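Structure first, then comments.
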Amino acid sequence: MALALAPALLGVGSCRFPEYGFPAGSSGSAGAGGGGTAGSAAGGSFGGGEEEDAGAGGATGGAGTVGGGGGVAEAGAAPGGSSGSGGEPCVYPLPVSYPKHCFDKAAGDGESGVDCGGAECAPCSSNQACTQSSDCTSALCTNNACVPVISLTYTPIDLNSATRTPKFRLNVTYLDTVSTTLRELTIRYYYNHGLVSEPVLGLDSQATIDPDNAQVDISTKVRTSVHRFPLGPKDQSGLRTDSYLEIAFDDPTTVTTGTKLVITQDLVAGSTDQVFDQNSHYSFTKTTGPNQALTVYRADQKIWGVEPPLALFPECAFALGVNLNGPALNVDGRALRAESAAEFTFTGGAAYANAGGKVLPITDANATSLLNTARTLNTGDSATWAVPNGKYWAYAWLTSTVASDSGTLQFGATAADRFFGTQNSAGARWALVGPYSVDVSARTLTLTADGSVHIAGLKLYQAEP
């Protein structure tokens, strides 16, 4: 976006959600990013478990679309724990975790390399020892050594524990003999949202690439998006992760063996009233070097790193969504109803349109259309949405007006994170905020505001039965 968060909360555009591999005998369903299959699913134990031995990870990279809503909505998807297809239950597989020995910086315990390979650990991204192709992220084991596809060096720039703007540099070298394109590469940095204010954005991207040893500035081609999910279970270090920043590229440049990519990236909170705790971030470290806690994907296949155990939604959990002050629209594979067809009642709730038409982060055409119309709720206003009774995870697309304003959206008794609006020549800043736990009874979900919020759209995911 983060959820079809990604994208969640990502600048909606082209997000990808990991596919997790599950042990034989475990249940699975299609992943939130679309690309999951039975037995190989993106999903989660919502709210996260307290597994002390939970490790970080998922076995493979995954498919999806950027923007916190990837994948294709299932026809007839219905709330109430049912996929709506034959009445089969919607299955929420547990996030994959690895044993602690997969993170002890030593070989052994059935590992082919150091903390990788073998039956229990994630495949090896670098040129570690291997005995079979499954020991390697590249699936290439030659002369008992993994053939790496890529290398990544991480450098922290902001070393403060508490900061509004985590910042880092990535040096990526493409090593495979099979060429790809820059557009097919994506990178994820994993973090804990905590209580920071929205919009959380990837800003101030700087990037260069050196095809044919000619360094080219591609900063304007970088596309960032933020995805947020329910808080996941503990990883091997005791951290719990609910978000990632995805870095993608709107550039068809061919990437060949030896091509180098240098990226400097900020992650920015909406205001200084609440800041990030970088020590709670899965991908953060104070040292420069290879960092397996970031992941890199090529055409949806993971080629570097180990992701944390995220609590992702299965596709069948999507219940319904609406485009406020707008027509029916498909955003990131999710069908949103027109406001006129969604049974809304407003007290106040003035219609709003972004005359400038530009949004930040940049996103795709459908998401931009969604964000350019909204309903404004001020203190004292309310909106009532008629939805089936049940327990849901709720998301809202919030956007900015010309004036710099702020407010907190309230889903019934549940308060969202405070949103600080900003609009300038670059565009109207926005975020897909959530997920927030809501319990609908009497077929009514009431929305109110403290301050001023501009709601472009809403979507609900059925909570785990």
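The values are calculated or read from the model by the stated rules, or taken from the named source; none is laboratory data. This is a predicted model, so every value here is computed, not measured. Because the Cβ atoms are built from the backbone with ideal geometry, glycine has one as well, and the counts that use them run over all protein chains shown.
Structural remarks
- Test: residue in the range 382-389 that is aliphatic (A, V, I, L, M) and under 21 Å from VAL268 (Cβ atoms): no
- Cross-chain or 6+ apart pairs with Cβ under 7 Å, the range 149-172 first and loosely packed, with under 15 Cβ neighbours inside 10 Å, then in a strand (DSSP E or B) and among the small types (Gly, Ala, Ser): THR153/GLY289
- Taking the criterion of being under 17 Å from VAL306 (Cβ atoms) and touching a helix residue (DSSP H, G or I) at 6+ places or on another chain (Cβ under 9 Å), the residues of the range 88-118 that qualify are ASP109, GLY110, GLU111, SER112, GLY113, ASP115, CYS116, GLY117, GLY118.
- Residues located in the range 174-201, provided they are exposed (fewer than 15 other Cβ atoms within 10 Å of the Cβ) and farther than 24 Å from THR422 by Cα: THR177, VAL178, SER179, THR181
- Segments classed as strands (runs of 3 or more DSSP E), wholly inside the range 359-428, with at least 2 members that are closer than 26 Å to THR224 by Cα and at pLDDT 95 or above: 373-378, 390-399, 406-411
- Residue check for ALA269: more than 23 Å from ARG429 (Cβ to Cβ) and among the hydrophobic types (A, V, I, L, M, F, W, C): no
- Tally of residues being under 30 Å from LYS221 (Cα atoms), polar (S, T, N, Q) and at pLDDT 95 or above across the range 312-358: 2
- Single condition ASP204 does not satisfy, out of (1) within 21 Å of THR295 (Cβ to Cβ); (2) surrounded by fewer than 21 Cβ atoms within 10 Å (Cβ to Cβ); (3) under 21 Å from the mean Cα position of the chain (by Cα); (4) of a type outside the set (A, V, I, L, M): (1)
- Among (1) over 23 Å from VAL402 (Cβ atoms); (2) not in a loop (DSSP other than H, G, I, E, B) - the single one PRO465 does not satisfy: (2)
- Residue among THR401, THR408 that alone is among the polar types (S, T, N, Q) and in contact with an Asp or Glu (Cβ under 6 Å, 6 or more places away or on another chain): THR408
- When PHE284, PHE346 are checked against the criterion of being among the aromatic types (Phe, Trp, Tyr) and assigned to a loop (DSSP other than H, G, I, E, B), a single residue qualifies: PHE284.
- Residue check for VAL200: touching a Phe, Trp or Tyr at 6+ places or on another chain (Cβ under 8 Å) and within 26 Å of THR401 (Cβ to Cβ): no
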